[in-house]
Every structure is written in structure tokens, then in C-alpha cells.
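The values are calculated or read from the model by the stated rules, or taken from the named source; none is laboratory data. Keep in mind that what you see is a predicted model, and the values were worked out from it rather than measured. Here the Cβ positions follow ideal geometry from the backbone for every residue, glycine too, while neighbour counts run over all protein chains shown.
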Amino acid sequence: MTGTATQGAPVAPEPTEASTPVGRRAATALGRVARHAGVPVVLALAIGALVLAVTGNDPLEVYGRLLSEAFGTPSRINATLAATTPILFTAVAAAFAYRAGAFTVGVEGSFVLGGLTASVIGSQMADVPPVLSVLLPLLGATIAGGLVAVIPGILRAWWGVDEVVTTLMFNFIVTGLAGWSVQSFFLAKGQANSSTEYVTENAELPALAPPGQTSIGLVIGLVILIAYAVWMRYSTLGFEFRAVGSAPRFSAAQGLRVKTVLATALIGAGVIGGIGGGSHALGLVHRYSEGFSANFGFTGIAIALLARFNPIGILVGAILFGALNSAGATVQLFIDLPVQIIDVLQGTVMIFAVAVFTLPKLRRLRAARAEWKRP
Amino acid sequence: MSTARAERLPSSDPAAVRCRIGARGISRSFGPVRANVDVTLTVRPGTVHAVVGENGAGKSTLMRMLYGLDQPDAGSVIVDDEEILLSSPRAAIERRIGLVQQELAIIPELSLLENLVLGQEPGAFGRIDWKAAQKRAEELSRSVGVAIDWSASAARTSIAIQQQVEILRLVYRGADVLILDEPTAVLAPVQADELLGLLSSLRDAGRTVIFISHKLDEVLSIADHITVLRSGRTITELEPGEIDRAGLAAFIVGDSEMPNRPTTRGNPGTVVLHADAISAVDDRGVTRLDGVAFEARAGEILGIAAVAGNGQEELAEVLIGIRASSSGELSLDGQGIGRMSVRARRRAGLAYVSADRKQEGLALGLSLADNSIASPALKELARAGWLRPSAVAARVDAVLGRAAVRFGSASDPASSLSGGNQQRVVLGRETIGKPRVLIASQPTRGVDVKGIGYIHELLRRARDEGAAVVLFSEELDELRELSDRILVLHRGRVAGVLDGESSRAEIGELMLGHTSHASHDRPVEGEDA
């Protein structure tokens, strides 16, 4: 109960003297993110340790091995960053929409269609001059990713149709359409499984440190992350995003562009997701095949929530999940460990991320209901 | 099954106990803010005790501690002459202390009876004895002299009735001390009188009432004792017989800080806003405005008076464009604006102070700077879609300076300000652009005496700068003090337009629908839905 009481207390200004306001703001924001994000991660690791111990493993040994497999050598770091790249895009995409209070789950669909479009265009780039041979497929991915979100965006902004439902449904539609169109139109010759032709070599995003798999896609992702941060704080529409996300009735009464904000939020998330899918196709897998996205869109949601939409938090979260993915894939070479334990860890972090996210609301609710309690 | 508990008579013998509930030397700080400093309060059993003070004087902090929602840093809570630790509301409820907060805990989907007994239903083995519940409810309302239709749905009853039910629920659960935080802030004058009557009968039945109020007249009329808090300290304890309204106000604001209130009138010019035959329905589809017509002139304040629920909220919303009108014409300087969006109306020169400061007036989670610039005029502060930091900073200074907002840093969240200061931010923002029409809905609701003076000053200033101010208020004295003309709404129609200097009685007659040749209608309580 004392916790709820102090929550209502006025916020004291931070007594740092030497630092600039911007520096101070960044520092307090970072501290907040670390506090919020740290709790779910530590809780998840604790539960993971419990599961490991119950299944007869030594948690410390497994965690140590995971750490060294994620960051132990330059080549392992490279693998981790390669796994970070797609979820960096999807996390920024989700955060972009959530800032405006639009809870899209459709980034997955945009990522898939962006990947397919980039693969199909990329496979036709043999006679196209360099640079353009990369830009054209990426442009296609951008448009495709945005298109997936156009209908949910319009339905939400102008008719108030719940975006969770529409974007979820569009994921199914897009995944189905993608599979069908690959089978019907884009199937690579001589391939048993359903995948497209490989993209031409000049359409590939170059690796940052060959033979490592991390590509220029990571740089594109970082640029988008920075653009997201700057745009939210300093642009007019970014301001309106924050206002609509934090106080929708206020924004309507102030005559802010609520509909534009909601439509832009959903379509913009699709665009970023589409670029992510395109980068993933051109930078890592070089074609589109069944199972192109390992639920990257949903991992992005967890990261965005874990980071409270803070740009640095998003980067750290994406690396954390990237590390779990890359290390989880190889750690079984050394330890007899069910691969599902990695899924358990990821899932637990996600659950706690969402749980901690809603905790303040629950506390307030509990305080309000305190007097309902039977004496 | 626990009705026995509820029926138990007050156990404390009024003669034996001197202080039923109170505080001894309580201090409580939140960071650098000292909300309570050595506060002492003695509430005698069977009395009504008023606690008055400015916003931020520490009244709510004290009440939270008396109800166990918060604990003092030093000093202690007194219950029945005994220093005790109220560690939680549960502990307070065990000592038969109940709190009615400003936001009512009424569940709209349930009936009033269900709301009353919720959590402590009579009956046994999971079966609720509704007959017994109904009987108990009727006894309860009869014993305190209020008429309540217990079978009515909570959603369809007025806030005044909901509040009475909430109070009776505490009594039903055996509360003997009732703490009320600004219970009349949201009530119309008639409803407030009814509530004060209810509190008196609870006192006469031996119960103890503590209530916070900014309305000094009602404090003086009902309280047995008055404690004045200022800047977190107990200033004095008085009895109503010892002091008049002005004297009490002086205690509240301290020394000679009473704002000087010029009673200047406006200088009405040309017609700016013209409304013709406006009709509108509320969210449930019930007609709330029925052919309202009026005009507002530049340089005047047009007051709108009505008993709560007679269409004034809907009219304010229709004017700014948050609510669509079902028919009628609205024009600004002769140009039709009835089909325009809020954004277009604001661009055309409308400004709006919402009655719902927390949800519509401000974005409490955003900074003061963000709150100062949020409007369609944002464009003026930007170049090619990017905000110019220098222009933003200048606008923020202008808004906060215009309204003399007391704040720490412009990057602090709006929620860190007191209610009165928050409202100044709103008024500063809404008047900075020299609007043609300022729609101000309940601008002084929940604001203390001194804060009200500043807000009135800002409204007059907007008027003198040439705005047509449409002022919606439930405070008749406020309307009479500020308005050049007062339009009275009754059941969604214009009951009459009076001179700003009309008496309370004249306005009150029209508010109740008593026009010269009309039949004697009863005031709307919201049950006509």
C-alpha cells in the first residue's frame, strides 16, 4: 500500500548539475528502461534456471555456455548481430505504432510480404546496374510492407475498427497469399520445397565482415532506429504521435490530427516491417522460402514493450533476443539440451515484459478497489 | 450473512470519547515537498468537521492517512483518543472509518441495490436474499431522509444519486466515520443542498463526518467545526459562529493575499458566434439539446447556467465539434462551421477549456512544454514538418508566463502541478492565440479560492482582448460575477436569457423550468433517459 502512496507523490527534479538537460534526460530515461527491462529479464532467467535444474541440467553451465556462444568470439558476435538484424526492424516497427497507441500485430505480415517481394524482384536484377539492383528490391519491399497495413490503418483511423483483430487477420491472409503465389508463380526450378529463385549476386546486401553473415542490413536497421528516435522527438507529426498515444481524448479536443496519426502509425509500422523483410531476404537468406520469418514480427512486439519504445532499449533488447537465437542454435552442439528451452526463455521474457508493462495500471486498480474488500 | 455487523449501532459512547478520529503532530513529505507539517486535527464524535484550504494545502494527503492509504513520516493518527497505526484501508474499515473519493466506485452496469450490497450481500450459501437487501436499502434511505429508486440502473442515475448511494454503502458496511473529499465539486446547487441535508441527518444519527470543500458558504452552513490548512500546516480551528465568509477566506489564503476582484463588465461588440436551432443527442441516443439558439458577441462573457444534466455539457461539446449536432446551424463571423472538424474550428478561431481537465484539458503524462503547444497552431512552430526548438521554447514561455503558472521545469509532467496550476496551463494555451470565441466549461471546478481569482482574471483578459467568451459554470455566483448575459438551459431548451446582474433567485427559477407561463416542472435528475 505504501507503494501506491509514494507513486502519487510529486516527481522531484533530478539533482544532477553538470550534465546538459539532454544528457540528463537521456540518462534518466536509460535508468528507467534498465529498471523496467531488467526485471523481466532477470525473472525469466530465474525461471529458466529452475526449468534447467528440474530437467537435470546445471543452469550456470548452460548460461555460461550461452554467453560464450553469443559473444565469445568475433565470429559468434557476428552471428549474434546477424540474428539481431531482423528483429531490430520489427521492434522499431512495433514501437513506431505503439507510440501512437495503435497496437499492431501485423508487422509479421509486412515482414513476410516485404521479403517475398524483394526476393522476386531481386532474382531479376541480372542486367540492372549496381546499387539500383539493391534499391529496386528494397523499394518493392517497402511498398509491399506498407500495403499490407493500408486496410487496417484506414479501418482503424476512420471507422475505429480494432487494429489488433484486423492486423492479426492480415497476417493469415498475407502468409497464405505468399505461400500460394510462390507455389503458383515464383517456384524455383528443381526445388522440392517451396522457395523462390535466389536473388542475383548484385542484389545481395554485402556482408559487413565476410565470411560472417551480418550484412549492411544491420546498418539500415540502425539508421531507421535513429530516424525513429529523432522523428518522434523533433517532428510535428512525431509530437502528435506522442500526444495521441498518451492522451487520445485530449488530442481530439485539441484538434490534433488523430486520424492521420493512427493511419500513419499502422502503415508506417508496415513499411518498416517490409524493409526489414527485404533486408532479411537480400542480406541473409537470399531468397524467400516457407518459414521465412521465425516469428520475427512477434519477437519485435516483445522487444518494443520491454524497451518502453526507448530507442536504446530497443537496440539492447534486439541484441538480447538475437543472442538467444544465435547461441540457442549452437549451444546444443556442446550440451545435451533440448532446443525448446531457448523458446521457454524467450517466451518467459515476453510474458514478464508484458506483465511488468501493465503492472502500474494493476496497482492503481488495486488501490481503487481496496475499499471494496470485505472488512 | 453479515448484516448483523452492518446493523450494529455506533459502539463509541459520544460522551466518553473526545476525539473520534484525528491527527497528532502528523508530518508527511514527498521528496522535497512537505505536504503535511505537524498537523493536528480533532474530530469529535457525532459532528460534521470541515477541512478547508487551497489546492496543495495538504488536505487530501491528510485524508489519505486517516483512511490508511498512506502513513505519516512523523506523528500519528488518532482513533477514539488512541494513537494507532492505520497500515491499510482494511485497518481503517475495521475501525469503522469510510472514505468517499472524488471518483465514485459505482459500477454502472449494476442496479443501485446491487451496488449497495456488493461484496456484503445478505443471504447464505451463495444465494443472495434480494428481498432482505431491498428491505435494508429502504430502511437505510428512509433513516437519512433521501428518496432513492433502488431498482434503477446506476448508469441511468445522476451523479448526485450515485454519490448518495456510495455514502449509504459505507453506512451499510458499518462505517461510523465518513470522510468525503470535495463531495459537492461536481454537483449542481440543488443537488449540493440535498447532499448537505444527507450529511446533517447522518450526524444527527450519531455518525461523524469529515468533509473537504472549497465552497465556503456550504462549509459555514453545515460544519460544526472547521479546520484550516495552509501550506501543509494547521492554521486554526474555528466554529462557524465565530467567523464570516471573508474572514474564513483570509485564513485560507493567508494575510492579505486575497486577489483583488474587479467586477468590470464587458463591452459587447459585433455578433461573432451564432447558433440556430441546435439539437443533439448524448452517447446513449437521448436528446439532450432541443433547438437551442443564441448569439455571442465579441468582448462579452455569455454565461450558461443549468442544473447538471440539462444539456450544458453537450452544448459545449457541440460548439467545439467533439460532439456532432443532429440539426441546426452554427456560424462564426457569418461563416458556417457546423460541419467542420475540431481542427478546422480551432483554426477558424475557436478555443476550448474542457470541463474534464484530466482527460481532455491536458495530457497529464506529457510535459508542460508539450501541453503548452498542443494545438493546430503547432504548424506555426515548425518548418517543413520539423519543430523549431527556439520557436517552441518561446511559445512555452509565452503560454506559461501569460497564465503565471508556478512550475519547476517545463519538462516536468503536467501531472506534477496542482489542480489550479494545471488549469492555468490550459487557459494560457487556449488564450495565447487571441481566439474569436473561447468556450470555457467549468473552468474553476476543483480550484481553490486564490486559483479561482486568477482564472477569472484570465477569462476577463480574453474578453477584453476581443473574444466572445461562452462560460459554462455550475457556480451561480461565478456566472453573476463574470457574465454580461446569462443564458439558462432547462431540459435542453433555452429557458431564458437574463442580465448578468440578475439575482440567484431569478436564475434559479429558470434553471428549474419555472418560466412565467410554464407549468411547474421538476428539475431533471437524469432519469428521463
Problem set entry | Condition check for B:Ala147: free of Cβ contacts under 8 Å to residues at least 60 places away in the same chain and either assigned to a loop (DSSP other than H, G, I, E, B) or over 30 Å from B:Arg357 (Cα atoms) (or both) | yes
Exercise. With (1) hydrophobic (A, V, I, L, M, F, W, C); (2) modelled with pLDDT of 85 or more; (3) farther than 26 Å from B:Leu196 by Cβ as the list, and B:Val171 as the residue in question, which single condition is left unmet?
Worked result: (3)
For this session: Go through (1) farther than 21 Å from A:Ala82 by Cβ; (2) touching a residue at least 12 places away in the same chain (Cβ under 8 Å); (3) part of a helix (DSSP H, G or I) one by one and return the number of the condition A:Leu337 breaks.
Result: (3)
For this session: For B:Pro376, work out the one condition from (1) in contact with a Leu (Cβ under 6 Å, 6 or more places away or on another chain); (2) within 8 Å of chain A (Cβ to nearest Cβ) it doesn't fulfil.
Result: (1)
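Just for strands (runs of 3 or more DSSP E) wholly inside segment B:273-366: which have at least 3 residues that are surrounded by 18 or more Cβ atoms within 10 Å (Cβ to Cβ) and within 14 Å of chain A (Cβ to nearest Cβ)? Even if it seems obvious, please write down each step before you answer.
Numbers: elements: B:287-297, B:301-305, B:327-332, B:350-353.
In segment B:273-366, B:350-353 are the strands (runs of 3 or more DSSP E) which contain 3 or more residues that are surrounded by 18 or more Cβ atoms within 10 Å (Cβ to Cβ) and within 14 Å of chain A (Cβ to nearest Cβ).
Tally the residues that are in a loop (DSSP other than H, G, I, E, B), within 27 Å of the chain's Cα centre (by Cα) and either within 12 Å of chain A (Cβ to nearest Cβ) or buried (at least 22 other Cβ atoms within 10 Å of the Cβ) (or both), restricting the search to segment B:46-86. Let's see the steps before the verdict.
At the first step, the residues of segment B:46-86 found to be in a loop (DSSP other than H, G, I, E, B) are B:46-47, B:53-58, B:67-73, B:80-81, B:85-86.
Imposing the further condition that a residue be within 27 Å of the chain's Cα centre (by Cα) reduces the set to B:46-47, B:53-58, B:67-71.
Okay, now just the ones that are also either within 12 Å of chain A (Cβ to nearest Cβ) or buried (at least 22 other Cβ atoms within 10 Å of the Cβ) (or both), so B:53-54, B:56-58, B:67-71.
Looking only at that region, the number is 10.
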Problem set entry | Top-ranked residue of segment A:55-87 - restricted to ones that are under 14 Å from A:Gly328 (Cα atoms) and polar (S, T, N, Q), ranked as modelled with the lowest pLDDT | A:Ser68
Exercise. Within segment B:125-135, how many residues are in a helix (DSSP H, G or I) and aromatic (Phe, Trp, Tyr)?
Worked result: 1
Exercise. Which condition does B:Glu138 not pass, out of (1) surrounded by fewer than 18 Cβ atoms within 10 Å (Cβ to Cβ); (2) not in a helix (DSSP H, G or I), if it passes all the others?
Worked result: (2)
Exercise. Of A:Gly190, A:Gly212, which residue is more than 14 Å from chain B (Cβ to nearest Cβ), surrounded by fewer than 16 Cβ atoms within 10 Å (Cβ to Cβ) and among the small types (Gly, Ala, Ser)?
Worked result: A:Gly190
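Among the helices (runs of 4 or more DSSP H) lying completely within segment A:193-300, list those that include at least 3 residues that are over 21 Å from A:Glu163 (Cα atoms).
Numbers: elements: A:217-234, A:236-246, A:248-253, A:258-280.
Counting at least 3 such residues, we get A:217-234, A:258-280.
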For this session: Scan (1) modelled with pLDDT under 95; (2) over 21 Å from A:Ile303 (Cβ atoms); (3) not hydrophobic (A, V, I, L, M, F, W, C) for the single condition A:Gly245 breaks and write down its number.
Result: (2)
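Give the residue, chosen from A:Thr175, A:Thr142, that is modelled with pLDDT of 95 or more and either in a helix (DSSP H, G or I) or crowded, with 21+ Cβ neighbours inside 10 Å (or both). Spell out how you get there, then give the answer.
Working: A:Thr175 fails: modelled with pLDDT of 95 or more.
Only one candidate qualifies: A:Thr142.
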Exercise. Considering only segment B:109-129, how many residues are in contact with a Lys or Arg (Cβ under 9 Å, 6 or more places away or on another chain), closer than 20 Å to B:Val146 by Cβ and more than 10 Å from every other protein chain (Cβ to nearest Cβ)?
Worked result: 3
